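Report on the structure given below.
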Amino acid sequence: MTVQSFPVYERLLAALAEGNQLMPLAGTLGFRLVSIQPGEAVFELEVTHDHHNPMGTLHGGVLCTVADSAMGIAHQSTLQDGESSTTLELKINFLRPVWTGKLRAVGKITKGGRTISLAECEVFDEAERLVAKASSTCMTLRGDQAEGRTGLLK
């Protein structure tokens, strides 16, 4: 049996081990990558008042951003050198309100393909209750399509 190599995963793992965060936006919003495996990424967010919408609960856009990031990094962890990715479609269901506390977003590739993949993310609160579920269609970019899109994954 052939074991598939994922060079981008190796770079992501090294960056995580060195304490480097992969997205400036993560620092801005206060979430961080905490673990990664090929096809899976886990982010955490400590929800504070700064993340609230006008009603006083976690803003859906913040929750969506964390889920999108978990799914995107899960997909990127399966890429080869010279490949990049983009999100084609994103859907999220908000299942319960959040005021404060630590959230854990677990993004996974549920169907990987050569060009198009399906990812899902479940977001849990500290009591392990499901607060949101998201899905995403990801596209692998190669050659000219990937030009200039490797960012920190070079």
Taking His75, is it more than 19 Å from Met139 (Cα to Cα), surrounded by 20 or more Cβ atoms within 10 Å (Cβ to Cβ) and not charged (D, E, K, R)?
no
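Any idea how many residues of the stretch 4-25 are part of a helix (DSSP H, G or I) and surrounded by 16 or more Cβ atoms within 10 Å (Cβ to Cβ)? Lay out the reasoning, then the answer.
Quick first cut of the stretch 4-25, residues part of a helix (DSSP H, G or I) only: 7-17, 24-25.
In the following step, the residues that additionally are surrounded by 16 or more Cβ atoms within 10 Å (Cβ to Cβ) were identified as 8-9, 11-13, 15-16.
The qualifying residues number 7.
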All positions within the stretch 51-85 that are in contact with a Leu (Cβ under 6 Å, 6 or more places away or on another chain) and more than 21 Å from Arg32 (Cβ to Cβ):
Ser84
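When the stretch 79-113 is examined, which residues are found to be over 30 Å from Met55 (Cβ atoms), in contact with a helix residue (DSSP H, G or I) (Cβ under 7 Å, 6 or more places away or on another chain) and among the hydroxyl-bearing types (Ser, Thr, Tyr)?
Taking the stretch 79-113 and keeping what is over 30 Å from Met55 (Cβ atoms), we get 79-86, 88, 108-113.
Subset that is in contact with a helix residue (DSSP H, G or I) (Cβ under 7 Å, 6 or more places away or on another chain): 79-85, 108-109.
Passing the criteria: Ser84, Ser85.
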Among Gly72, Gly56, Gly60, which is at positive phi and either touching a Cys at 6+ places or on another chain (Cβ under 9 Å) or in contact (Cβ under 8 Å) with a residue 12 or more places away in the chain (or both)?
Gly56
Do the conditions hold for Thr28, that is, is it in contact (Cβ under 8 Å) with a residue 24 or more places away in the chain and assigned to a helix (DSSP H, G or I)?
no
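Would you be able to tell me the number of residues in the stretch 103-125 that are farther than 17 Å from Gly39 by Cα and either loosely packed, with under 12 Cβ neighbours inside 10 Å or hydrophobic (A, V, I, L, M, F, W, C) (or both)?
Taking the stretch 103-125 as the starting set, the residues that turn out to be farther than 17 Å from Gly39 by Cα are 103, 124-125.
If we keep only those that are either loosely packed, with under 12 Cβ neighbours inside 10 Å or hydrophobic (A, V, I, L, M, F, W, C) (or both) as well, we get 103, 124.
Here the count works out to 2.
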Residue check: is Asp50 more than 11 Å from the chain's Cα centre (by Cα) and more than 25 Å from Leu13 (Cα to Cα)?
yes
Give me a count of the residues in the stretch 127-151 that are exposed (fewer than 13 other Cβ atoms within 10 Å of the Cβ) and modelled with pLDDT of 95 or more.
4
For the stretch 82-98 the number of residues that are in contact with a Lys or Arg (Cβ under 9 Å, 6 or more places away or on another chain) and either touching a residue at least 60 places away in the same chain (Cβ under 8 Å) or among the polar types (S, T, N, Q) (or both) is 6
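The values are calculated or read from the model by the stated rules, or taken from the named source; none is laboratory data. A quick note: this is a predicted structure, and the numbers were derived from the prediction, not measured. Cβ atoms come from the backbone with ideal geometry, glycine included; neighbour counts cover every protein chain shown.
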